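S.K.: Quick one: the structure is below, and I'll ask about it shortly.
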Amino acid sequence: MDRLSHSVHRSGHAIDLSPKEFGLLEFLMRHAGHPVSRSTIVEQVWRLNVETMTNVVDVYVNYLRRKVDAGYDRPLIRTIRCTGYQIGTGELVSWRDAQADFIFSTLLTEMMLPGLLHPVRIGRQG
């Protein structure tokens with residue numbers, strides 16, 4: 001992800017995003033590994049009151065998924081039931097999850113321009 005040129009790449013492929021899609025992806029990436037509520041997304045990305053909340057977050061997450069996750073075995077964007085959305089795998093519970101976490105971290109790093117956004121360690125420390 002290059003914040004200066006508003007460009008996003010995954011595995012070397014450019015992904016064309018609208019300004020709002022870019023803002024949503026950037027927000028989720030800044031909170032990688034942590035669930036983010038729909039109301040927080042509405043307040044921070046759309047700068048709206050929670051009272052005016054509609055399904056706009058769900059619609060834009062769907063747009064992002066079509067562009068960012070299409071054609072990949074491992075989706076980057078997860079729905080956290082009754083909470084919101086998350087980029088990242090969260091807690092590691094097995095070796096297989098550890099391998100998946102490493103792959104995800106690699107993909108996330110590929111999407112960032114070094115020095116602009118810093119990858120966050122996802123999963124259990126130590």
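S.K.: Of everything in the range 38-61, what is outside any helix (DSSP H, G or I) and over 28 Å from ALA14 (Cα atoms)? Give them in sequence order.
M.R.: Selection gives LEU48, ASN49, MET53, THR54.
S.K.: Can you tell me how many residues in the range 62-83 are surrounded by 10 or more Cβ atoms within 10 Å (Cβ to Cβ) and part of a loop (DSSP other than H, G, I, E, B)?
M.R.: Selection size over the range 62-83: 6.
S.K.: Still on this structure, I have one more. Residue under question is HIS6, and the condition is that it be on the phi > 0 side of the Ramachandran plot and either crowded, with 16+ Cβ neighbours inside 10 Å or not hydroxyl-bearing (Ser, Thr, Tyr) (or both); does it hold? First the steps, then the outcome.
M.R.: Numbers: on the phi > 0 side of the Ramachandran plot: yes; either crowded, with 16+ Cβ neighbours inside 10 Å or not hydroxyl-bearing (Ser, Thr, Tyr) (or both): yes.
Here the answer is yes, as HIS6 does meet what is asked.
S.K.: Being part of a helix (DSSP H, G or I), charged (D, E, K, R) and under 13 Å from the mean Cα position of the chain (by Cα) is the filter here, so list the residues in the range 1-37 that pass it. So that I can check it myself, show each step before the final result.
M.R.: Here is the first cut: in the range 1-37, the residues part of a helix (DSSP H, G or I) are 19-30.
Imposing the further condition that a residue be charged (D, E, K, R) reduces the set to 20-21, 26, 30.
The answer is GLU21, GLU26, ARG30.
S.K.: In addition: Select, from VAL59, VAL50, the only residue that is aliphatic (A, V, I, L, M), at pLDDT 85 or above and surrounded by fewer than 16 Cβ atoms within 10 Å (Cβ to Cβ). Walk me through it before giving the result.
M.R.: Values: VAL50 fails: at pLDDT 85 or above.
The unique qualifying residue is VAL59.
S.K.: Please count how many residues of the range 17-39 are surrounded by fewer than 17 Cβ atoms within 10 Å (Cβ to Cβ) and not small (Gly, Ala, Ser). I'd like the intermediate steps shown before the answer.
M.R.: Going residue by residue through the range 17-39, those that are surrounded by fewer than 17 Cβ atoms within 10 Å (Cβ to Cβ) are 18-20, 27, 30, 34, 37, 39.
Still in the running and not small (Gly, Ala, Ser): 19-20, 27, 30, 34.
Of the residues in the range 17-39, 5 are surrounded by fewer than 17 Cβ atoms within 10 Å (Cβ to Cβ) and not small (Gly, Ala, Ser).
The values are calculated or read from the model by the stated rules, or taken from the named source; none is laboratory data. Being a predicted model, the structure only gives us computed values, none of them experimental. Heads up, the Cβs are rebuilt from the backbone with ideal geometry, glycines too, and the neighbour counts pull from every protein chain shown.
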